[in-house]
1. In segment 123-155, how many are in contact (Cβ under 8 Å) with a residue 24 or more places away in the chain, within 18 Å of Arg65 (Cα to Cα) and either within 15 Å of the ligand (Cβ to nearest atom) or part of a loop (DSSP other than H, G, I, E, B) (or both)?
2. Any residue that is within 12 Å of the ligand (Cβ to nearest atom) and assigned to a loop (DSSP other than H, G, I, E, B) - is there at least one of those in segment 179-188?
3. Can you tell me which of (1) within 14 Å of the ligand (Cβ to nearest atom); (2) under 22 Å from Arg269 (Cβ atoms); (3) part of a loop (DSSP other than H, G, I, E, B) is the one Thr220 doesn't meet?
4. Can you pull out the residues in segment 24-38 that are open to solvent by less than 50 Å² (accessible area, probe 1.4 Å) and either out of contact with any Phe, Trp or Tyr (no Cβ under 9 Å at 6 or more places or on another chain) or at positive phi (or both)?
5. Among the residues of segment 2-18, which ones are surrounded by 15 or more Cβ atoms within 10 Å (Cβ to Cβ) and either in contact (Cβ under 8 Å) with a residue 40 or more places away in the chain or among the small types (Gly, Ala, Ser) (or both)?
6. From the list Ser39, Ser28, Ser22, which residue is among the small types (Gly, Ala, Ser) and within 15 Å of the ligand (Cβ to nearest atom)?
7. Any idea how many residues of segment 250-285 are within 17 Å of Ala206 (Cβ to Cβ) and open to solvent by less than 50 Å² (accessible area, probe 1.4 Å)?
8. Name the single residue that is nearest to Pro49 (Cα to Cα) among those in segment 104-125 being surrounded by fewer than 16 Cβ atoms within 10 Å (Cβ to Cβ) and of a type outside the set (Asp, Glu).
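The values are calculated or read from the model by the stated rules, or taken from the named source; none is laboratory data. The model shown is predicted, which means the values in this text are computed figures rather than measured ones. Reconstructed Cβ throughout: ideal geometry from the backbone, glycine too, with neighbour counts over all protein chains shown. Only protein heavy atoms, including side chains, enter the accessible area calculation; ligands, DNA and RNA are left aside. Shrake-Rupley method; radii C 1.70, N 1.55, O 1.52, S 1.80 Å.
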Amino acid sequence: MSDISARIRGEFEDFLNARIRSHFEAGSVPALNAPVLYSLESPGKRLRPVLFLMFAGYEDRGEERKLFGAAALECIHTYSLIHDDLPCMDNDDLRRGRPTCHRQFSEWAAVLAGDALNTYAFELLALSFEGRADAALALGILARLSGRQGMVSGQALDLLHEKAGTPGTAEDLARIHRLKTAALMRAACELGSVYAGGTASENAHAAEFGEALGILFQITDDLLDARGSSDAGKRTGKDQAAGKLTYPSLYGIEKTEEYAASFTDEALRLLDSVKLPGKNAVQYREALSVLTRSLSGRSR
Ligand code: GRG
């Protein structure tokens, strides 16, 4: 991680642990606060908020509205992890190196924590864009890409193949990756660009880069699981045991590595055409290039 990514991540983390904690607690009930904050504050890479902030031209801690927007993305991501870990889905005991939400609390608490985070994300995005003419555009992007035109549909297709044992094709796999994982990364970059007042074409370029990065991210996640080399605080070798449709299961490890290399090139090519606003633009472009190239070789 580059210095500037680490700085943004640290500042976002502080915002989450102080401002978001007190904001959430102020309007909620203790039964919900505990599982929500346990999951939200557990150590994640904060990739989606960092992407949003870079595309929004984030400069410093004083920019609370940008940080609210970034937190909206982390809330959607955290809800998806909580629900994905439930016994009826992936049935995981460990997440981010800690017991999963339903293990630490209960299934009902985990379902409700996910529900609360899902809706809270829209509350935060509304705060972020309050008073702006493009607020409805922003809310619509997050709703679509986290829902029926993105993550939830991707999860449904993924589980259909896994649970029903329906054999999947290369097209099915590409679609699942694009919807389940890449859609939220797309939303992060696109919403950042919208926040910065990007034109329709600038927003589209940001979205395309985010999607390519997300696809690359999922392929490398599958590779880590297949190689059993993840230290990401979760079990590995799980995909194969569950009969999941993944790049390694469809193409084998070597071919998957070739795909990862070509998606890296594709994401870097798309990065050349994005507009990054603000005084940190040059550093952000370099940081995004480092991030893209490091995904193929990552260990977490
Ligand atoms: C339950 C509606 C619903 C959706 C679940 C995102 C997702 C969809 C499931 C998670 C399954 C999974 C492990 C997907 C791989 C890609 C991914 C999102 C990994 C986790 O993201 P990281 O590595 O996590 O950014 P951290 O913990 O760093 O935030």
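1. Number satisfying all stated conditions: 4.
2. Among the residues of segment 179-188, not one is within 12 Å of the ligand (Cβ to nearest atom) and assigned to a loop (DSSP other than H, G, I, E, B), which makes the answer no.
3. Going through (1) within 14 Å of the ligand (Cβ to nearest atom); (2) under 22 Å from Arg269 (Cβ atoms); (3) part of a loop (DSSP other than H, G, I, E, B) one by one, Thr220 breaks only (3).
4. Result: no residue meets the conditions.
5. Scanning segment 2-18 gives Ser2, Ile4, Ser5, Ile8, Arg9, Glu11, Phe12, Phe15, Leu16.
6. So the residue among Ser39, Ser28, Ser22 that is among the small types (Gly, Ala, Ser) and within 15 Å of the ligand (Cβ to nearest atom) is Ser39.
7. Qualifying residue count, segment 250-285: 11.
8. Thr119
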